[in-house]
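Participant: Starting off with a structure, shown below.
The values are calculated or read from the model by the stated rules, or taken from the named source; none is laboratory data. As the structure is a computational prediction, the values presented were derived from the model and not from experiment. Don't worry about glycine lacking a Cβ; one is built from the backbone with ideal geometry, like all the others, and counts go over all protein chains shown. Protein only, heavy atoms only, side chains kept; ligands, DNA and RNA dropped before computing areas. Shrake-Rupley method; radii C 1.70, N 1.55, O 1.52, S 1.80 Å.
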Amino acid sequence: MATNQELPRGVKILHDPVRNKGTAFTDAERDLLGLRGLLPPKKCSAAEQEQRILENLHKKANDLERYIHLVSLQDRNETLFYRVVVNNIEEIMPLIYTPTVGKACQQFSHIYRRPRGLYISLQERGRVREILGNWPHRDPRVIVVTDGERILGLGDLGAAGMGIPIGKLSLYTACAGIRPTDCLPVMLDVGTNNENLLNDPLYLGLERRRERGPAYDELVAEFIDAVQQEFPYALIQLEDFGNRNAFRLLEHYRSRVCLFDDDIQGTGAVALSGLLAALRLTGGALADQRILFFGAGQAGIGIGETIVAAQIDEGVPEEQARQACWFFDSQGLLVDSRENLPPQKQPFAHKHQPITDLAEAVRMLQPTAIIGCAGKPGVFSEEVVTLMSELNERPIVFALSNPTANAECTAEQAYRWSEGRAVFASGSPFDPVELGNKTLVPGQGNNAYIFPGVGLGAVASATSRVTDEMFLAAARLLARHVSEEDLALGRVYPPLTSIRDVSALIAAEVASIAYRDGLARREAPPDIDPASLLPGIREQMFQPIYPHYA
Ligand code: NAD
């Protein structure tokens with residue numbers, strides 16, 4: 001409970017999104033805080049306020065308008081915003097995150113209303129620590145940072161990519177109860193190569209081309225150093241960096257600071273989890289699978305590396321584990337005769353003749369699973385899915401590219417072309433599909449199943465590093481959490497309504513590993529078993545419930 005002296009009064013508290021309760025301020029609070037006359041007389045319950053928000057939301061003409069409505073609420077009243085999100089997660093998540101957030105980023109400079117987070121541009125080199133000092137909340141625990149070069153499947157959106165860190169951090173709070181004031185979105189603005197943005201007079205970012213020289217690395221290094229000085233317990237999540245930077249920044253920093261890359265490691269874990277759950281339907285072990293990836297970027301390589309790590313952990317030799325993962329990128333099948341491959345692709349360049357047609361690659365390699373993550377819509381054609389269905393009793397087809405329009409095939413196509421046998425998951429949500437007398441429910445391989453829980457575990461233990469084992473543990477836990485009923489419907493992820501429970505369980509696993517491996521910067525409790533850590537973790541989760549001011 002806040003004391004009187006700390007509280008802003010009058011219109012100041014109404015304009016403070018952290019403390020504002022709007023029409024829910026009680027009579028006593030209105031007297032205490034000088035609010036008499038500043039609000040209509042009716043004292044509304046939070047439930048009534050939620051009803052009003054939803055009523056207005058449903059009247060909006062399109063999803064972008066719904067996004068603006070919700071973000072405006074977040075700027076006015078965070079508690080109510082999170083109440084609406086948590087109580088209506090299946091409806092709201094696609095509005096505050098993918099796919100709608102993609103549209104919001106594309107329109108960012110045109111729908112911009114209020115600032116949120118920190119903008120650190122090349123112009124501020126040498127002053128990053130000072131900028132962090134301007135952040136109004138003490139000691140943030142989770143920072144999501146992007147340079148806007150590869151926003152979802154939409155490419156370079158420059159500073160307009162800020163919608164992504166904001167959206168991801170909303171999910172940290174909604175899905176894992178990280179306190180809103182512990183979340184810091186950061187845009188590292190190093191320019192953009194997007195001509196449309198550079199020609200847009202309203203574009204809000206630096207009006208210059210992307211920095212590719214040493215100044216880029218210097219800004220990133222200054223930012224990471226400044227975070228270590230100002231906010232030493234903060235977890236840093238790298239988000240939507242371009243390929244050329246994402247892998248090397250992760251490699252450079254992961255062993256030095258508490259940092260991970262969600263596009264690589266979070267995607268790896270969520271896809272591995274979907275695969276492990278799918279195997280409960282198809283039968284067979286992970287080590288028996290042959291997986292063909294369409295796309296060898298952060299998502300593809302991240303998933304491949306996670307699958308390899310899981311197999312190694314199960315005792316499979318590394319070479320054999322890598323042989324199970326094949327990649328098809330813009331040049332065709334990734335084979336050992338290809339030259340000038342970037343380091344992350346080299347371990348997956350296997351001995352084989354070159355192939356440039358995906359259907360031909362499926363015919364030759366006979367995969368048990370195909371995973372699409374190249375942002376090329378429609379490449380899982382009828383021919384490809386039919387071939388997969390001839391090769392496998394239950395073909396695994398994951399069309400992970402975002403947003404929805406970029407999916408490699410739709411849920412309906414995957415089910416129809418496989419006569420209902422495909423085990424299908426996608427990156428963006430698809431509605432259930434009626435096929436004959438069956439209803440099939442596609443799973444959404446949403447990273448939100450993994451990163452909020454990993455973040456909560458990192459915060460709870462104040463871990464100094466985020467390890468691969470933490471992501472493996474998260475993936476396995478998530479796969480175990482898929483019920484037999486969900487599987488019977490074809491769904492390889494639990495419903496989003498259980499996400500806060502899942503996040504708490506993942507956090508307990510992550511914290512347990514941090515304590516066991518001596519990475520935690522908090523004194524270990526006597527029993528570091530995940531089950532014993534769980535109640536304490538649950539207790540520290542933010543609940544969107546108004547405080548009483550007295
Ligand atoms: P990226 O830019 O790092 O990689 C894209 C890859 O696709 C590159 O390897 C590129 O060579 C390849 N590619 C491009 N055009 C191709 C073509 N014509 N044929 C074959 N390959 C081609 O992007 P990323 O981070 O790997 O993301 C890729 C997609 O996956 C995006 O749409 C993204 O939204 C989606 N994604 C989904 C999830 C999820 O479902 N949870 C998570 C992360 C990313």
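Participant: In Å², and per residue, what accessible area does the chain have when probed at 1.4 Å with the other protein chains present?
Facilitator: Numbers: 22090 Å² over 550 residues.
Ligands and nucleic acids excluded, the figure is 40 Å² per residue.
Participant: Taking amide H atoms as placed 1.01 Å from N in the peptide plane, list the residues 5 or more away in sequence, or in a different chain, whose amide H sits under 5 Å from that of L259.
Facilitator: Amide H neighbours of L259, under 5 Å, 5+ apart: I236, V466.
Participant: Suppose accessible area is computed on protein heavy atoms with a 1.4 Å probe; arrange E360, E90 from highest to lowest. If you can, show how the numbers build up before the last one.
Facilitator: Numbers: E360 65, E90 100 Å².
Output order, biggest surface exposure first: E90, E360.
Participant: Moving on to the next point. In nm, to one decimal, how far is the L435 label point from the A531 one, both placed 7 Å along Cα→Cβ?
Facilitator: 3.9 nm
Participant: Quote the relative contact order of segment 369-522 in percent (integer), defining contacts as alpha-carbon pairs under 8 Å separated by 6+ residues.
Facilitator: Relative contact order comes out at 20 percent.
Participant: A follow-up question, please. Calculated FRET efficiency, L391 and E91, Cβ-Cβ r, R0 41 Å, to nearest 0.05?
Facilitator: Taking R0 as 41 Å, the efficiency between L391 and E91 is 0.60.
Participant: If I fit a long axis through the Cα atoms of helix 46-59 and take the longest principal axis of the Cα atoms of the chain, what angle between them do I get, 0 to 90°, rounded to 10?
Facilitator: With rounding to tens, the tilt is 60 degrees.
Participant: Sticking with this one: List the residues, sorted by chain then number, that are 5 or more residues from V144 or on another chain and whose placed amide H is less than 5 Å from its amide H.
Facilitator: When sequence neighbours closer than 5 places are left aside, the close amide H contacts are L184, V186, Q237.
Participant: About the Cα centre of the chain, how large is the charge dipole given +1 on each Lys and Arg Cβ and -1 on each Asp and Glu Cβ? Please answer in debye to the nearest 20.
Facilitator: It comes to approximately 1420 debye.
Participant: If you line up the long axis of helix 382-391 against the longest principal axis of the chain, both from Cα atoms, how many degrees apart are they, to the nearest 10?
Facilitator: 70 degrees
Participant: Percent of Cα-Cα pairs per 10 Å bin, from 0 to the last occupied bin, for the chain, please list those.
Facilitator: With 10 Å bins starting at 0, P(r) equals 4, 18, 28, 27, 16, 5, 2, 0.
Participant: Report the gain in length on full extension from E251 to R113: 0.36 nm times residue separation, minus Cα-Cα distance, nm rounded to one decimal.
Facilitator: 46.0 nm
Participant: While we're here: Below 8 Å between Cα atoms, with a sequence gap of 6+, how large is the relative contact order for the chain in percent?
Facilitator: Relative contact order comes out at 14 percent.
Participant: Per residue of segment 474-481, in order, report the coupling 6.51 cos²θ - 1.76 cosθ + 1.60 (Karplus, θ = phi - 60°) as ³J(HN,Hα) in whole Hz, putting x for Gly and Pro.
Facilitator: Once rounded to whole Hz, the list reads 5, 4, 5, 4, 4, 5, 5, 7.
Participant: Here's a follow-up. For helix 267-282, report the angle its Cα long axis makes with the longest principal axis of the Cα atoms of the chain; keep it between 0 and 90° and round to the nearest 10°.
Facilitator: Tilt of helix 267-282: around 60 degrees.
Participant: Something else: In terms of modelled amide H atoms, which long-range or inter-chain residues lie less than 5 Å from the amide H of D329?
Facilitator: Amide H neighbours of D329, under 5 Å, 5+ apart: G295, L334.
Participant: S72 label point, 7 Å along Cα→Cβ, cut-off 14 Å on backbone N: hits in segment 42-57?
Facilitator: Within reach of a label on S72: 53-57.
Participant: List, in order, the whole-Hz ³J(HN,Hα) value for each residue of segment 63-78 obtained from phi through the Karplus relation with A = 6.51, B = -1.76, C = 1.60 and θ = phi - 60°; use x for Gly and Pro.
Facilitator: Couplings: 5, 5, 5, 5, 4, 4, 4, 6, 5, 5, 4, 4, 6, 9, 7, 5 Hz.
Participant: Suppose accessible area is computed on protein heavy atoms with a 1.4 Å probe; arrange L391, L157 from highest to lowest.
Facilitator: L391, L157
Participant: Provide the packing ranking of 202-208, 453-459, 142-148, i.e. peptides ordered by the mean count of other C-beta atoms within 10 Å per residue, highest first. Let's see the in-between values first.
Facilitator: Numbers: 202-208: 17.4, 453-459: 30.1, 142-148: 27.6.
The peptides rank, most packed first, as 453-459, 142-148, 202-208.
Participant: Mind listing the phi-derived Karplus ³J(HN,Hα) values for segment 127-133, rounded to whole Hz, using 6.51, -1.76 and 1.60 with θ = phi - 60°, and x for any glycine or proline?
Facilitator: Calculated HN-Hα couplings, in order: 10, 5, 5, 4, 5, 4, x Hz.
Participant: Can you tell which of L400, L33, F327 lies farthest toward the positive end of the dipole of the chain, using +1 and -1 charges on the Cβ of basic and acidic side chains (Lys, Arg; Asp, Glu)?
Facilitator: In the chain, that residue is L33.
Participant: What FRET efficiency comes out for the pair N56/Q320, r = Cβ-Cβ distance, R0 = 60 Å, nearest 0.05?
Facilitator: Approximately 0.60, to the nearest 0.05.
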